[in-house]
1. Take the residues in region 287-315 that are outside any helix (DSSP H, G or I) and at pLDDT 80 or above, then tell me which one is nearest to SER267 (Cα to Cα).
2. Within region 143-183, which residues are closer than 20 Å to LEU81 by Cα, touching a residue at least 60 places away in the same chain (Cβ under 8 Å), part of a loop (DSSP other than H, G, I, E, B) and among the charged types (D, E, K, R)?
3. Could you run through region 514-534 and say how many residues are part of a strand (DSSP E or B) and either crowded, with 18+ Cβ neighbours inside 10 Å or at pLDDT below 75 (or both)?
4. Does any residue in region 87-109 that is farther than 27 Å from HIS160 by Cβ come within less than 7 Å, Cβ to Cβ, of a residue that is part of a strand (DSSP E or B) and aliphatic (A, V, I, L, M) six or more places away or on a different chain, and which pairs are these?
5. Quick test for you: out of SER257, SER223, SER282, pick the one residue that is among the hydroxyl-bearing types (Ser, Thr, Tyr) and in contact (Cβ under 8 Å) with a residue 40 or more places away in the chain.
6. Identify the residue in region 24-46 that is open to solvent by less than 20 Å² (accessible area, probe 1.4 Å) and assigned to a loop (DSSP other than H, G, I, E, B) and, among all such residues, is modelled with the lowest pLDDT.
7. Among the residues of region 255-264 satisfying the criterion of being more than 22 Å from GLY202 (Cα to Cα) and in a helix (DSSP H, G or I), which is farthest from the chain's Cα centre (by Cα)?
8. If we scan region 71-81, do we find a residue that is buried (at least 16 other Cβ atoms within 10 Å of the Cβ), over 53 Å from the mean Cα position of the chain (by Cα), small (Gly, Ala, Ser) and at pLDDT 95 or above?
Amino acid sequence: MLGGFVAGSPASAFAQGSSGNTGGSRAAQAVDGKLDLRGWDFETRGAALLNGTWLFFPGRLLSPAAVAGEPGAVPRRVPDLWRDGDGGGPDGTGAGTYVLRLTLPRGSGDLALRLRTVSTAYALFANGELIAAAGKPSVSSAEEIPAYTPTVAILPDSEHVELVIWVSNHQYRSGGLWRRIEIGTAAALSAAKRRNDLLLAGIAGFVVALSLSRLTFWLFRRSELSSLFLCLFSLLVAFRVLVTGEYDLVQLVPRISFDLLIRLEYSTAFLLVPAAALFFVSFFRDRFDVRFWAPLSLPSAAFFLLVPFAPLPILTRSILFYYPVAAGTIIALVAAVLLPAALKRRQGIWVALFGSLCLGIAGVNDMLYASFIVRTGNFLPLGLSLFVGAQAIVLARRFTATFTEAERLSADLAQANVELEAAFSRSDESRQELERTVADKETLLQEVHHRVKNSLQIVSSIISLQASRSREPAALDAYSKVRDRLRAISLVHERLYSLDAGEVVEVREYARELVEQLAASYGTGRGDVELQFDVERLEVPVSFALDVGLLLTEFVSNAFKHAILPRGAGRIEIQVKQVDRSLSIVVSDDGPGFPPGFQPETSRSLGFRVAASLIAKRGGHFLFGESTGTSIGASLSLR
């Protein structure tokens, strides 16, 4: 005996108030807790919905045996959402018992009920037998165990079935029989649930695959932040599919707590908009700027702070405030990013707008569906999948365009390489010809230096021969000076020829050899005169070396004539150094020195006039000391 009825009792007892609901549409309506489905063919018409007016006992969980004749029942339309004190508690909380008496067609086979989510714990009895439950319903919040467990429950084989459902809610923002309940054949309902689970799993797998492909692309091209952000957004989408609708995550992780499940659901809701903003800002702007993204996303992301700390009643109610904030953020994102990109005709913008429109429609429907304003269904996973797919298409088109451009540039580069190789080949031939020309020039130049040296030696020999025939001291002195100057010039060409130095002369060795030859020409040995050299290793051009040699010849010859020869011995110090951008040449001796008032610039001596001319040509000046002995030299500009 269940609810005052026994198997085989008159069917008319169930038919009252429901005779007008046989046949017709899938949404046959219950009236006053009764629903007559005897005219419903479940094989041809499929499942029926148990919508309509049920009987409801607020604040009490009555046993199936106690509901018959129990006073206090009120009619409630199912699906039902508790508001205020509907469930016997404040703000949509409390507990209650729903009752519906069914009259079913004979011989309809194994029938079952398909239940989705019930807020937030329930127990379903059919003819007094417990056939389904989620958690543990209770009028006490301390004893209630909330849970979401969508299922297909098998009905007893009877024409008259009394459904008694205990429902309690002390955790969520509102309780009740939220979602529609279907009745149909067990095979059809189980198959429909399997199809739905496979569809959601397929959507989640599709989105995960897209996200992993984007992640792989980003790992190889770190500058493409849009791929990374699309990956993050896609993973949120895939996870949200599992924690909404029929909560497939519960099937994957049966021991997951209700508290954690709801917090995961709301975390995905709060993070989706900031993640989408990350993607759009990085994809449709030339450079990702966190200062641009933050104002768009922080209002929505701020709700995420509630997830780890807020009690579930507060957290679940926050979604009602989040919806307008998210809608405003999306509108701002469209106005600030998508519309400018559309006006600029950015590549892929129309596909992106289509995906965004699908997501927007699904999001609005999700808000209205979650608020029980519409009964359409949960289309957000589909909308999110279309959005992610659209963005993947946009990224693929952009990558394809980039790859095509890269192929074109590669072809151009290959052609340029062919032309460059031909140019290199011609250049190599020209280089080889130039090397031959340079080699010939160097050979010719060395021969010129050799001939100049020989010619100067011949001239020097002629002068020496002419000097040997003269007995005049002035003539002999003039011949000697000319011969010394020729020797300085000849020595430069000799070194250029013998050392293969090209167009430069190393000053240190040149100066030493020149001075030693001068010493030998004046008939003094190293025992009679002390030569001290302080000469740096410097390379100077040929013309500069000639001037240095001529100046050294004048200064050293002067030292021999006035400081060494009158005494037959003495010391001469030769110093050649670079000072900043000038070359300093100084010749010092230990002789009697210049006469008082001597100035080299105004001297009537031919040697000093030659030296003055050379110094002026090099932008220099005399270096003259009036201390003990003689110190004369010059500073020549190296610029």
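1. Among residues in region 287-315 that are outside any helix (DSSP H, G or I) and at pLDDT 80 or above, the one nearest to SER267 (Cα to Cα) is VAL307.
2. The answer is ARG173, ARG179, ARG180.
3. Adding up the residues that qualify gives 1.
4. Filtered contacts from region 87-109: GLY87/ALA95; GLY88/ALA95.
5. SER282
6. In this case the residue turns out to be ALA28.
7. Once the filter is applied, the top-ranked residue is PHE258.
8. No - not one qualifying residue is present in region 71-81.
The values are calculated or read from the model by the stated rules, or taken from the named source; none is laboratory data. Predicted model, so just to flag it, every value in this text is computed and none were measured. When we count neighbours, we look across all protein chains shown, and the Cβ atoms used for this are built from the backbone with ideal geometry, even at glycine. What goes into the accessible areas is simple: the full protein's heavy atoms, side chains included, and nothing from ligands, DNA or RNA. Shrake-Rupley method; radii C 1.70, N 1.55, O 1.52, S 1.80 Å.
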